[in-house]
Amino acid sequence: MSESTLRTTGVTKTAAVSREIEAVPVRRPGRWAASAVMAFLLVFLLQGWAANPRMQWATVGDHLFAPVVLEGLGTTLWLTAASMAIGILGGVVLAVLRMSDNPLLTRLSWLYIWVFRGTPLLVQLLFWYFLAAVVPHVGLGVPWGPTFVEFDTNRLVTQTSAALLGLGLHEAAYMAEIVRSGITSVDDGQSEASHALGMTRRQTLRRIVLPQALRIIIPPTGNQVISMLKTTSLVSVIAVPELLTSIQAIYSRNFQQIPLLTVACAWYLLAVSVLSVGQYYLERRYGRGSSRDLPPTPLQRVRGSLATRRPAPLEDR
Amino acid sequence: MRTNTATVVRAEGVHKSFGRTEVLKGIDLSVSAGEVMCLVGPSGSGKSTFLRCINRLERIDAGRLYVRDQLIGYEERDGRVHELDDAAVARQRRGIGMVFQRFNLFPHMTALQNVMEAPVQVRKESRAEAEERARSLLARVGLADRAHSYPSQLSGGQQQRVAIARALAMRPELMLFDEPTSALDPELVGEVLDVMRGLADDGMTMIVVTHEMGFAREVGDSLVFMDGGVVVESGTPADVLGSPRHGRTRSFLGKVR
Ligand SMILES: Nc1ncnc2c1ncn2[C@@H]1O[C@H](COP(=O)(O)OP(=O)(O)O)[C@@H](O)[C@H]1O
Ligand SMILES: [Mg+2]
């Protein structure tokens, strides 16, 4: 905008015009130099990796969509979903117990969290897997009395269920803390207002407190899902046929470890990236009502940056 | 003096302590149907605590509190007093509306949803029925056009008016107001007081904790001055405000005016 317009249009438009200051930005030579060095190093490393004949890119390509690999990926995905479902449900229950008026329930919840967070997941997985060795039979019946049905633990706790138990129960302990911090973050005035309207404690938790706690609970839960997706690779020690197990099975035959692990990394990276996008949209949705303006979605941002290239008319705002 | 059935609230020797500190040291008062009682007193004198005892947000340590001849929080059976469970307390609270200093609207719901929530969840009204009534209540508090706004998009005065509509949606026979205008910018106080004045004109029984002496004088039927957990004096607003008998009342009134 020229100075003359400023003068002629007067005070009312000054604010609008001054938003379009076209100043020369501060020069930052250090930043440019650092960027150049980093870019050079990155290209150098990538080129070395990509051009290495022993990388066997053909092997990577061959196995990227191999049925065994895709099946393994499928197992990884549903194992992540199922373990997180157990973890979230368990976490909500543990958090509610932890915050209940009943001191026995509070202590039980504390004990659970203490045990399951205090021991390594890998150990817990092996524990569930080898449980059959100590408890060969699981039965339904009267304690110390007659048993109605009996199961062979070896058949009941398969590799898959050992994995689900191990991952899910361990996750529940972490989710409990996340849910609890979410619930305590909701202002007491909210429960009071709800109680004053005649809502019961259960209604208050379900309708008023949990929906608001979700805003606090969702971001760390998203991280937990992403972390769970990667953690499922641990169950390869009990031979559950997930992504890493399938990859290991292949390279134990053809000894192409690095190309095959590259395949695994590619899939893990893709899955994590997709989940991160999902997390972004979930956070947006649950931020509703907390602020006057929602942040733009990545799509809106792209559109926005295209739009601002063209000078917008002043009346636009 | 009105008959006993017209008494909506009756407090007899209500005591309440938080840990070692005794906050209510024996409150006796009664509120008749249609009465607007203003509760005034210095900060920390126990006004909020007393109000919260009436709908059992706080449990009392001694004394009796009746709303419509129902003992609040307890049940008298075979000569003994039994504590009520969560569901029974919730039932007692249905008939008692409360408006808070900090509004406490549900931020994840629109104004309309805030007003509809309890009728649908608690009174099990159909959505259509609840929505129709919620809209008419919002219109009554002058917010028909803000039905779909979230609390964060409303001014303080508008939020408090939604909060009043929300409480009214449960068709209460008693409304408790805890300093409903204290968190508002001065220019927004009037719109909330206007709504309360309208309620009083319609015959609602109200207990109003307030520092708005103009409102107390104009709308109140009775005025109770509390200090240090006791009722220091009470009477008609004109009497207590015009010729206070106690030094504590005089010095307090001197400060708020
Ligand atoms: N939940 C609580 N725990 C401990 N002390 C409290 C609690 N609520 C109120 N009090 C104390 O009780 C006294 C009376 O408080 P309150 O009823 O809020 O007074 P008012 O509403 O008249 O200002 C104050 O000293 C306050 O600190
Ligand atoms: Mg108070």
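The values are calculated or read from the model by the stated rules, or taken from the named source; none is laboratory data. These numbers come from a predicted model, not from an experiment. Ideal geometry is used to build each Cβ from the backbone, glycine not excepted, and the neighbour counts take in all protein chains shown. The area values use the complete protein model at the heavy-atom level, side chains included, leaving out ligands, DNA and RNA. Shrake-Rupley method; radii C 1.70, N 1.55, O 1.52, S 1.80 Å.
Using a probe of 1.4 Å, the accessible surface attributed to B:D28 totals some 100 Å² when neighbouring protein chains are kept in position.
Rounded to the nearest 20 debye, the dipole magnitude of segment A:78-240 is 180 debye, with +1 charges on Lys and Arg beta carbons, -1 on Asp and Glu beta carbons, and the Cα centre as origin. Within straight-line reach of B:K47, meaning a Cα separation under 27 Å, sit the following lysines at least 8 residues removed in sequence or on another chain: B:K16, B:K25, B:K255.
Using Cβ point charges alone (K and R +1, D and E -1), the dipole size of the protein assembly as shown about the Cα centre works out to roughly 1140 debye. Between the C-alpha center of segment A:230-255 and that of segment B:116-181 there is a gap of 58 Å. In order along segment B:67-77, the Karplus-derived 3J(HN,Hα) couplings, from 6.51 cos²θ - 1.76 cosθ + 1.60 at θ = phi - 60°, round to 10, 6, 6, 9, 5, 7, x, 9, 9, 8, 9 Hz, and Gly and Pro are given as x. Measuring with a 1.4 angstrom probe and ignoring ligands and nucleic acids, B:F252 comes out at about 20 Å² accessible.
Ordering B:A134, B:V209, B:L112 by the projection of their Cα atoms onto the charge dipole of chain B, which places +1 on the Cβ of Lys and Arg and -1 on the Cβ of Asp and Glu, puts B:V209 at the extreme positive end.
Once backbone amide H atoms are built at 1.01 Å from N, B:Q101 has B:D178 as its partners under 5 Å, excluding neighbours fewer than 5 places away on the same chain. Within the protein assembly as shown, DSSP assigns beta bridges of which about 65% are antiparallel (rounded to the nearest 5).
With the alpha-carbon atoms of the protein assembly as shown aligned to their principal axes, the span from lowest to highest coordinate is 101, 97, 47 Å, starting with the largest. With the charge dipole of the protein assembly as shown set up from +1 on Lys and Arg Cβ and -1 on Asp and Glu Cβ about the Cα centre, the Cα lying farthest toward the positive end among the listed residues B:G254, B:A90, A:V240 is that of A:V240.
Annotation: B:I27 carries an accessible surface of approximately 0 Å², with a 1.4 Å probe and no ligand, DNA or RNA atoms counted. Dipole magnitude for segment A:175-264: about 200 debye, using +1 per Lys or Arg Cβ and -1 per Asp or Glu Cβ, origin at the Cα centre.
Loop-located trypsin sites (Lys or Arg not before Pro) in segment B:1-62 (DSSP state other than H, G, I, E, B) with a sparse environment of at most 14 neighbouring Cβ atoms within 10 Å: B:R2, B:R20, B:R59. What are the DSSP H helices in chain B that stretch 20 Å or more along their long axis, judged by alpha-carbon atoms, and whose average Kyte-Doolittle hydropathy comes to at least 0.5? Flagged H segments: there are none.
Dimensions of segment A:89-208 based on its C-alpha atoms, expressed as ranges along the principal axes with the largest first, amount to 53, 35, 24 Å. Remark on B:V230: its backbone amide H falls under 5 Å from those of B:K25, a criterion applied only to residues 5 or more positions apart or on other chains, H modelled at 1.01 Å from N.
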